[in-house]
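Reading through the structure tokens given below for one structure.
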Amino acid sequence: MSTTETRPGTQADKGYQALGSRRDRADGRLKIQGLAPYAVEKSLENLAYAVVVQSTIPHGKIVNMDTDKARQAPGVLAVYNHESGLTIHPAKTFSSGGAAAQAFLPLQSDKVLWNGQHIALVVAETLEQATEAAALISTEYSGEEAAIHPDDPKAEPESSEATTVSWGEAVPSLAAAEVQVGGVYTTPREYNCPIEPHGCIAHWQNGELTLWEPSQWVGGARQVVSEWMAIDSAKVRVLSPYVGGGFGCKGGIQPHSALACVASRELDRPVKLALTRPQTFTAFGGRPRTHQQLALGATREGQLVSIVHESWNETALEDVHTEPCNSVTPLMYASPNFQSHHKLIHLNTVNPGWMRAPGENPSSFAIEVAMDELASKLKMDPIALRLKNYAEQDPQAGIPWSSRRLKEAYQAGAEAFGWHQRPLEPRTLREGRQLIGWGMASGTYPVRRTPGEAQIVLHGDGSIEVQSSGVDIGTGTYTILAQTAADVLHVPSDSIRVTLGDTRLARAPVAGGSQLANVLTGAVHKTALALRDALITLAVGTPGSPLFQVPPEKIRLADGALRLETQSDTRISLAELLRLSGNEELVAHQDTFGKEAGEEDRDAAASTASMMIPPTEGGVSAHSWSAIFVEVAVDEDFGTVRVRRMVGAFDSGRVYNPKLTESQWIGGMVMGIGQALLEEGMIDSRDGRIMNANLADYLVPVNADIPALETINVGEPDFLATALGGKAVGELGIVGVAAAISNAVWHATGKRIRDLPITQDKLL
Ligand code: MCN
Ligand code: MOS
């Protein structure tokens, strides 16, 4: 039986705090009370503690490692290094269609490829004993010449396949253009810095492995662990019910977790391995250094005629992370001629990785600052220039947008900010010794989609549980999935239990690429409809039910009961219906795969990136859009930059929970302020050591750095983009922020900073 459903979200909330309502985070109270257990907080009997030792040279070989003192230290159970014969098998990386963030396998050889690489593991009865013993290990190396800096002639740029974009005759058109602007735009190494550092517990029992791991993707982690350990993935269970932030670095499981797994197998004990904060800076990479040479050619009236773009990012010596700096450049504006190449530079560094909007983030920085330069050269308003070059369809794919409310974002943002009062000339707004500047920029993030599954269980007591292996990294998955089920099942969303982050639950893709909300709300919505239909079938087919043999379309589901549409006292509660029909529970399971998909596809979608659908699938190009407006004050004497206010207007399609979406957008804007003004991994040019590998020296914004941030939602449901009409949220907020701040700094000071972060030395 099937029931027809009005378009999701078109019905009123009815007090259920269903989709569209500003419900508070379901897990918020637990998190602030410390009742949401993180991976390393799992208490297990007989737990052993592991500490990693990292290399202190950037390139070479381990000649000798003295582990005697460590082995004899109190409480030590084992010391492992490359000579211990621990086998970890290769796992497929993201860059080759798998799920591992790095190809690197710790302790498999004497090779050292970066400063801070894992080279030994100490396991002891207590953390203190393991830490003490780890400090007693001394290592002799034979060093090799290292390539630390991208300018090093040893570091030959390598063309990255599949990142070349070109149409028209870009180079000659640029040369012939009436007006040209451009330059070199750079971003430094940046680090994700989630509040919860990486730490896991591995427990190997009878050939099966359970791993408590802070993860954006338990399905991917399980796949990689099974490859590392060469066991069937059915023998691996990964749990990640609560995560204290990831921002990309928990998207793929990192190599230290392999050490916890092998140590647990060797010692036949559960092993906890937590990285120290400094170790997180070299155990996995943040956003790589990027470098973009970008030139825009235009007519004197401001019509773009050409864009020419060359870029690179650093990556590891023997590994690949691509930060596609041309992911926004070809999309944003209508230019008849375009050319862009991206390259990789291999250095002695840990493989860089995903960090909020990899690609879109640096890409928007270059194009959005360059557009501001063009506007100032032409003495045009920056929004007027953007509107003049507005791309009415996707210029790269040559197909229509699924929706693009960017003009609405410009307008709403400008209005809220008071942009029309902005003088065109820089250095014109001054308050005493404070130079005031107003800047803006656009942002975008693609709508990525991977099919997924969901399960809803109606328990014997009438309570409803939504189950998914998808995770909530602080974003709101728990909350919006309850809201999605409440929308269909018509019960208060806070009465619905949501269970997440366990590979035993319904398969789900990564909470990455800002896709999970759309993926899982789609799957849960479908599953809730199936549950509702199953309940109605049961009610009309169960003798003794007050609804026995009633035509199904006359039945409504609300407030935990089924009833006749016209007669509300002819009803049966869900618990009573289960009892009467002799069911202990009722389970609905649905997915968003096509009919042709088999088990293999379902597994692949949940354990590799191979099933991710590109934003241009289906003849339309689906992206979220934003316009960011910033006011800065730059101290004329000290060169200090303060962001005084910021307005972001966003088109993320339909918003499932406005409160949580605003929180995501604001979080992105805060992170963008950090990127613009503070964040920079300092790399010692002599030995590749990260000099500021801690949160005292690697600066991220604190409350005092953050002014009032205003967000405006200009999105409308986009059912061409996703099943329930939402578009990407999680990463959108950061895109364009650094450009808007740099543009505001120019407006304040007349100085164009193309090199992040914008620090005092660059302004004085
Ligand atoms: N949302 C909504 N309506 C939509 C889409 C999303 O209400 N149409 C809200 C929901 O509350 C949802 C959240 O926004 O839970 C994020 O949804 P989505 O954009 O689908 O992003 P993901 O769930 O895939 O989360 C990952 C994304 C990424 S890729 C990074 S990086 C990032 C981000 O989320 N890391 C974060 N935001 C983060 N927020 C926190 N607190 N911690 C991180 O590590
Ligand atoms: Mo987000 S960087 O795609 O995990």
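Give the Debye-formula value of log10 I(q)/I(0) at each listed q (0.10, 0.17 Å⁻¹), with one equal scatterer per alpha carbon of the stretch 357-462, two decimals each.
Relative scattering, expressed as log10 I(q)/I(0), comes to -0.45, -0.97.
What's the center-to-center distance, using Cα atoms, between the stretch 384-403 and the stretch 102-181 in Å?
Centre-to-centre distance over Cα atoms comes out at 36 Å.
On the accessible surface of the chain, probed at 1.4 Å, how many percent belong to carbon and sulfur atoms?
With neighbouring chains kept in place, the figure for the chain is 50 percent.
If all Cα-Cα distances of the stretch 515-617 are sorted into 10 Å bins from 0 onward, what percent lands in each bin, rounded to whole numbers?
Going from the shortest bin to the longest, the percentages are 13, 36, 21, 19, 10, 0.
Dividing the convex hull volume of the Cα atoms of the chain by its residue count, what figure in Å³ per residue is obtained?
161 Å³
Any idea what diffusion coefficient the stretch 217-287 gets from Stokes-Einstein, in µm²/s, Kirkwood Rh on alpha carbon pairs, 10 °C, 1.306 mPa s?
Numbers: Rh = 13.2 Å.
It diffuses with D of about 120 µm²/s by this estimate.
In the chain, what % of DSSP beta bridges are antiparallel (nearest 5)? Show your work: numbers first, answer last.
Working: 102 of 133 bridges.
Of those bridges, close to 75 percent are antiparallel.
Whole-Hz ³J(HN,Hα) for each residue in the stretch 189-202, computed from phi via Karplus 6.51 cos²θ - 1.76 cosθ + 1.60 with θ = phi - 60°, x for glycine and proline: what do you get?
My calculation for the stretch 189-202 gives 5, 10, 10, 5, 6, x, 4, 8, x, 5, x, 9, 10, 10 Hz in order.
Beyond 23 Å between alpha-carbons counts as too far, so tell me which of LYS31/LYS727; LYS154/LYS762; LYS92/LYS235; LYS31/LYS659; LYS92/LYS526 fall in that bin.
Check vs 23 Å cut-off fails for LYS31/LYS727; LYS154/LYS762; LYS92/LYS526.
Along its principal axes, what span do the Cα atoms of the stretch 1-142 show, with the longest given first and each in whole Å?
Principal-axis extents of the stretch 1-142 (Cα, largest first): 70, 38, 31 Å.
Can you list which of the GluC sites (Glu not before Pro) found in the stretch 113-146 are DSSP loop residues with at most 13 other C-beta atoms within 10 Å?
Here the sparse-neighbourhood loop sites are GLU145.
Only Cα pairs under 8 Å and at least 6 apart count here; give the relative contact order of the chain as a rounded whole percent. Present the calculation step by step, with values, prior to reporting the outcome.
Numbers: 1991 pairs, mean separation 129.8, N = 764.
Relative contact order of the chain: 17 percent.
Which distance in nm do the two modelled labels at ALA230 and ALA696 give, with both placed 7 Å along the Cα-to-Cβ direction?
In this crude label model, ALA230 to ALA696 measures out at 4.5 nm.
Just the accessible area per residue of the stretch 387-520, please: how many Å² with a 1.4 Å probe? Please report the intermediate quantities before stating the final value.
Working: 4310 Å² over 134 residues.
In whole numbers, the stretch 387-520 has 32 Å² accessible per residue.
So who's got an amide H within less than 5 Å of the one on ALA728, skipping anything under 5 residues away but keeping other chains? H placed 1.01 Å off N, in plane.
SER624
In nm, to one decimal, how far is the THR87 label point from the GLU41 one, both placed 7 Å along Cα→Cβ?
3.9 nm
What FRET efficiency comes out for the pair ASP603/ASP637, r = Cβ-Cβ distance, R0 = 56 Å, nearest 0.05?
0.35
Classify the stretch 643-730 from the C-alpha gyration tensor, please: rounded if a/c falls under 1.5, else prolate or oblate depending on whether a/b exceeds b/c.
prolate
Restricting to DSSP loop positions (anything but H, G, I, E, B) with no more than 15 other Cβ atoms inside 10 Å of their own Cβ, which trypsin sites (Lys or Arg not before Pro) remain in the stretch 74-171?
LYS154
Averaging the inverse of every distinct alpha carbon separation and then flipping it gives the Kirkwood radius. What is it for the stretch 634-685, in angstrom units? Walk me through the numbers on the way to the answer.
Values: mean 1/r = 0.0728 Å⁻¹.
Radius from the Kirkwood sum: 13.7 Å.
How large is ³J(HN,Hα), in whole Hz, for each residue of the stretch 419-435 in order, when computed from phi with the Karplus curve 6.51 cos²θ - 1.76 cosθ + 1.60 and θ = phi - 60°, using x for Gly and Pro?
4, 4, 8, 6, x, 5, 6, x, 6, 10, 9, 9, 10, x, 8, 9, 8
Would you work out the Kirkwood radius for the stretch 432-534? I mean one over the mean of 1/r across all pairs of different Cα atoms, in Å. Show your work: numbers first, answer last.
Details: mean 1/r = 0.0664 Å⁻¹.
Roughly 15.1 Å, rounded to one decimal.
Hey, can you grab everything whose amide H is under 5 Å from the amide H of ARG287? Only 5+ residues off in sequence or another chain; H modelled, so Pro and N-termini drop out.
When sequence neighbours closer than 5 places are left aside, the close amide H contacts are GLU190, TYR191, ASN192, GLY353.
For the stretch 79-179, count the residues as N, evaluate 2.2 N^0.38 Å, and divide the Cα radius of gyration by that value, please.
1.76
Work out, in µm²/s and without decimals, the Stokes-Einstein translational diffusion coefficient of the stretch 309-403 at 4 °C, 1.567 mPa s, Rh from Kirkwood over C-alpha pairs.
It comes out at roughly 87 µm²/s.
Within the stretch 351-402, report the GluC sites (Glu not before Pro) that DSSP leaves as loop and that have at most 14 other Cβ atoms within 10 Å.
GLU392
Quick one: of the DSSP bridges fully inside the stretch 148-242, what percent are antiparallel, nearest 5?
In the stretch 148-242, approximately 55 percent of DSSP beta bridges are antiparallel ones.
So which aspartates and glutamates pass the test for LYS377, namely a Cα distance under 15 Å, with those fewer than 8 places away in the same chain ruled out?
GLU178, GLU301, GLU368, GLU425
Find the all-direction average of the projected area of the Cα convex hull for the stretch 223-351, expressing the result in square nanometres with one decimal place.
11.9 nm²
What distance in nm separates the two pseudo spin-label positions at VAL171 and ASN703, each 7 Å out from Cα along the beta-carbon direction?
According to this spin-label approximation, the distance is 5.6 nm.
The values are calculated or read from the model by the stated rules, or taken from the named source; none is laboratory data. Predicted model only: the values in this text are computed from it and were never measured. Please note: Cβ atoms are built from the backbone with ideal geometry, for glycine as well, and neighbour counts cover all protein chains shown. These accessible areas exclude ligands, DNA and RNA; they are computed on the full protein's heavy atoms, side chains included. Shrake-Rupley method; radii C 1.70, N 1.55, O 1.52, S 1.80 Å.
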